[in-house]
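**Student:** Please read through the structure below; I'll follow up with questions.
The values are calculated or read from the model by the stated rules, or taken from the named source; none is laboratory data. Bear in mind that the values here come from a model prediction, so they are computed numbers and not experimental data. Positions of Cβ are backbone-derived with ideal geometry, glycine not excepted, and every protein chain shown enters the neighbour counts.
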Amino acid sequence: MAIEVAPLPLPPSADPSKFKHFGREVKGVHPGTLTPDQLEEIKTLLYNHDALLFRNVDLTPEQQYALTKAFDPSSESYGHGNNKTGETKKSILHPDLKTIPRVPQVQLIGNGTVYNHEGLAEARLKHPSHTTFHKTVVSPEDEAKGVTRFYRWHIDAALYDLSPPKVTTLYGLNVPKGPRQICRYDDGTGDELEVPLGTTAFVSGRTMFDILPKELKSLAVRSKVKYAPHPYVWMAPAKAKSTGLGIETDGLEMSLDELPPWEQAKIKIFPVLWKNPVNGELHFQVHPCGVQELLVDPLPAGADREGALYPDGAHLTDLGQVRDLLYRMQRPAIAPSLVYPHDWHEKDLVLFHNRGVLHSVVGAFKPDEVRAFHQCNLAASDDPVGPTDEDVKKWA
């Protein structure tokens with residue numbers, strides 16, 4: 001049977017003109033039993049559309065791992081390392097993951113207590129909540145009425161030592177249904193978004209770059225971000241913005257000498273823009289929570305300097321300044337009309353281009369609501385590729 005594709009069902013809040021390229025539902029094949037030719041077709045579809053949905057599939061952890069690995073055959077360990085979070089219980093990721101014993105690259109995530117699951121006698125899961133991570137929180141009264149927030153906009157990546165996974169697979173096993181929620185931005189804009197309970201929200205890094213004004217495109221194409229060592233430990237004492245898009249600058253981050261042992265050579269410096277391996281498009285791919293510094297190259301010879309930011313280049317080390325600049329560039333792309341909030345069904349498999357999108361956990365569950373998903377991503381065999389000299393000349 002031939003592979004068939006259809007556009008993803010967009011919510012009424014979405015601007016269809018901004019989703020022409022984003023997301024496809026795939027029919028006619030089973031993602032766990034793809035032939036080599038089908039796999040190549042799926043790879044092309046993913047890199048062109050950034051998220052693929054397979055409905056109503058039975059998928060073992062072994063099949064999920066094999067599918068994920070097929071995008072980067074020499075990758076092996078889970079994206080944060082097979083000790084899950086790369087270091088210690090101080091990491092903000094520590095409570096979110098339980099490893100499937102026989103396939104340690106696949107994690108069990110969700111909410112509530114799951115018994116006798118794939119070799120785990122008992123797994124207590126906790127859906128991440130903005131109440132533990134944001135500087136301000138939704139009032140209990142509003143939360144009871146179904147008001148919620150984006151938890152943390154991110155890329156699945158260790159951001160230290162290991163290279164960012166090329167793809168992530170998410171498979172819904174137990175998906176509790178409930179009333180829809182209102183995701184509030186609470187940033188003074190009045191923005192809010194109606195979302196399904198427990199949605200995963202996605203935004204396109206390609207769109208994030210495309211909608212920037214000229215001077216910010218020029219800055220993005222010339223810039224790299226430097227991440228903190230052990231960034232999830234470093235940021236753990238700090239609190240996030242109400243949109244989930246980065247950290248408030250209150251000086252709460254751990255000092256570098258408080259962190260687990262780290263090596264200068266393992267610190268990650270990545271381009272702000274990552275080049276799509278199939279179509280050559282540029283995706284704005286920054287995990288704002290973990291960034292420590294911004295490095296800007298000067299404008300190339302002959303470039304128009306009028307209105308340009310940092311035309312002679314810069315090395316920005318003031319954390320507040322770095323975060324404010326990144327927020328200015330990234331916030332427009334999480335506007336309600338540009339967010340795809342996936343409405344999960346049991347046995348949904350979503351495969352997404354982790355080097356082309358940002359995503360966020362959303363919503364809140366009661367402690368007794370059981371939600372179970374399998375997640376897999378693999379630390380890549382290479383770092384992402386940034387803009388070419390031709391890209392820089394074009395956009396700078």
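**Student:** Determine if the range 167-180 includes at least one residue that is crowded, with 18+ Cβ neighbours inside 10 Å, more than 30 Å from Gly302 (Cβ to Cβ) and either at pLDDT below 95 or touching a Lys or Arg at 6+ places or on another chain (Cβ under 6 Å) (or both). Give the steps one after another, and end with the answer.
**Tutor:** Of all residues in the range 167-180, those crowded, with 18+ Cβ neighbours inside 10 Å come to 167-173, 175-176.
Imposing the further condition that a residue be more than 30 Å from Gly302 (Cβ to Cβ) reduces the set to 167-173, 175-176.
After this cut, where a residue has to be either at pLDDT below 95 or touching a Lys or Arg at 6+ places or on another chain (Cβ under 6 Å) (or both) as well, the list is 176.
Yes, the conditions are met somewhere in the range 167-180.
**Student:** Here is a further query. Among the residues of the range 58-84 satisfying the criterion of being modelled with pLDDT under 95 and among the charged types (D, E, K, R), which is surrounded by the most Cβ atoms within 10 Å (Cβ to Cβ)?
**Tutor:** The selected residue is Lys84.
**Student:** Inside the range 24-75, can you point out the residues that are assigned to a loop (DSSP other than H, G, I, E, B), hydrophobic (A, V, I, L, M, F, W, C) and touching a Gly at 6+ places or on another chain (Cβ under 9 Å)?
**Tutor:** Val57, Leu59, listed by residue number.
**Student:** Go over the candidates Thr148, Thr199, Thr132 one by one and state the one that is of a type in the set (S, T, N, Q) and touching a helix residue (DSSP H, G or I) at 6+ places or on another chain (Cβ under 8 Å).
**Tutor:** Working: Thr199 fails: touching a helix residue (DSSP H, G or I) at 6+ places or on another chain (Cβ under 8 Å); Thr132 fails: touching a helix residue (DSSP H, G or I) at 6+ places or on another chain (Cβ under 8 Å).
The match here is Thr148.
**Student:** Which of the residues spanning the range 243-269 are buried (at least 20 other Cβ atoms within 10 Å of the Cβ) and either among the polar types (S, T, N, Q) or under 19 Å from the mean Cα position of the chain (by Cα) (or both)?
**Tutor:** Once the filter is applied, which keeps residues that are buried (at least 20 other Cβ atoms within 10 Å of the Cβ) and either among the polar types (S, T, N, Q) or under 19 Å from the mean Cα position of the chain (by Cα) (or both), the range 243-269 yields Thr243, Gly244, Leu245, Gly246, Ile247, Lys268.
**Student:** Among the helices (runs of 4 or more DSSP H) contained in the range 213-332, which hold 2 or more residues that are touching a Ser or Thr at 6+ places or on another chain (Cβ under 7 Å) and in contact (Cβ under 8 Å) with a residue 12 or more places away in the chain?
**Tutor:** Working: elements: 214-221, 231-234, 319-330.
Correct list: 231-234, 319-330.
Rundown of residues vs (1) among the basic types (Lys, Arg); (2) over 19 Å from Ile211 (Cβ atoms); (3) not assigned by TED's automatic domain parsing to the domain that holds Gly172, yes/no style:
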| site | (1), (2), (3) |
| --- | --- |
| Tyr310 | no, yes, yes |
| His345 | no, yes, no |
| Leu351 | no, yes, no |
| Val357 | no, no, no |
| Lys366 | yes, yes, no |
| Asp391 | no, no, yes |
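**Student:** State whether the residues of the range 146-156 include one that is of a type in the set (Lys, Arg) and in contact with a Ser or Thr (Cβ under 7 Å, 6 or more places away or on another chain). Spell out how you get there, then give the answer.
**Tutor:** Here is the first cut: in the range 146-156, the ones of a type in the set (Lys, Arg) are 149, 152.
Next cut, in contact with a Ser or Thr (Cβ under 7 Å, 6 or more places away or on another chain) only: 149, 152.
Checked the range 146-156: at least one residue is of a type in the set (Lys, Arg) and in contact with a Ser or Thr (Cβ under 7 Å, 6 or more places away or on another chain).
**Student:** Working carefully through the options Val291, Val286, Val296, Val272, find the one that is more than 18 Å from the chain's Cα centre (by Cα) and closer than 25 Å to Pro387 by Cα. I'd like the intermediate steps shown before the answer.
**Tutor:** Numbers: Val291 fails: more than 18 Å from the chain's Cα centre (by Cα); Val286 fails: more than 18 Å from the chain's Cα centre (by Cα); Val272 fails: more than 18 Å from the chain's Cα centre (by Cα).
Answer to the check: Val296.
**Student:** Collect the residues in the range 218-233 that are touching a strand residue (DSSP E or B) at 6+ places or on another chain (Cβ under 7 Å) and crowded, with 21+ Cβ neighbours inside 10 Å, keeping them in residue-number order.
**Tutor:** Of the residues in the range 218-233, the ones touching a strand residue (DSSP E or B) at 6+ places or on another chain (Cβ under 7 Å) are 219-231.
Leu219, Ala220, Val221, Arg222, Ser223, Val225, Tyr227, Ala228, Pro229, His230, Pro231 - these are the residues of the range 218-233 that are touching a strand residue (DSSP E or B) at 6+ places or on another chain (Cβ under 7 Å) and crowded, with 21+ Cβ neighbours inside 10 Å.
**Student:** Same structure again: Which condition does Ala236 not pass, out of (1) outside the structural domain of Ala144 (by TED's automatic domain parsing); (2) surrounded by 22 or more Cβ atoms within 10 Å (Cβ to Cβ); (3) over 30 Å from Lys275 (Cβ atoms), if it passes all the others?
**Tutor:** (2)
**Student:** Restricting attention to the range 162-192, which residues are part of a strand (DSSP E or B), among the polar types (S, T, N, Q) and closer than 20 Å to Tyr340 by Cβ?
**Tutor:** First, the residues of the range 162-192 that are part of a strand (DSSP E or B): 163, 167-174, 181-184, 192.
Now narrow it down to the ones that are among the polar types (S, T, N, Q): 163, 168-169, 174, 181.
Hits for the range 162-192 are Thr168, Thr169, Gln181.
**Student:** Looking at the range 85-117, which of the residues that are modelled with pLDDT under 85 and out of contact with any helix residue (DSSP H, G or I) (no Cβ under 8 Å at 6 or more places or on another chain) is surrounded by the fewest Cβ atoms within 10 Å (Cβ to Cβ)? It would help to see each step written out before you state the result.
**Tutor:** Applying the first criterion (modelled with pLDDT under 85) to the range 85-117 yields 85-97.
Next, from what is left, pick out any that are out of contact with any helix residue (DSSP H, G or I) (no Cβ under 8 Å at 6 or more places or on another chain): 89, 94-97.
Working: Lys89: 9, His94: 15, Pro95: 14, Asp96: 18, Leu97: 16.
Taking the candidates together, the pick is Lys89.
**Student:** A follow-up question, please. For residues in the range 23-57 being over 19 Å from His374 (Cα atoms) and of a type in the set (Lys, Arg), which is surrounded by the fewest Cβ atoms within 10 Å (Cβ to Cβ)?
**Tutor:** Lys27
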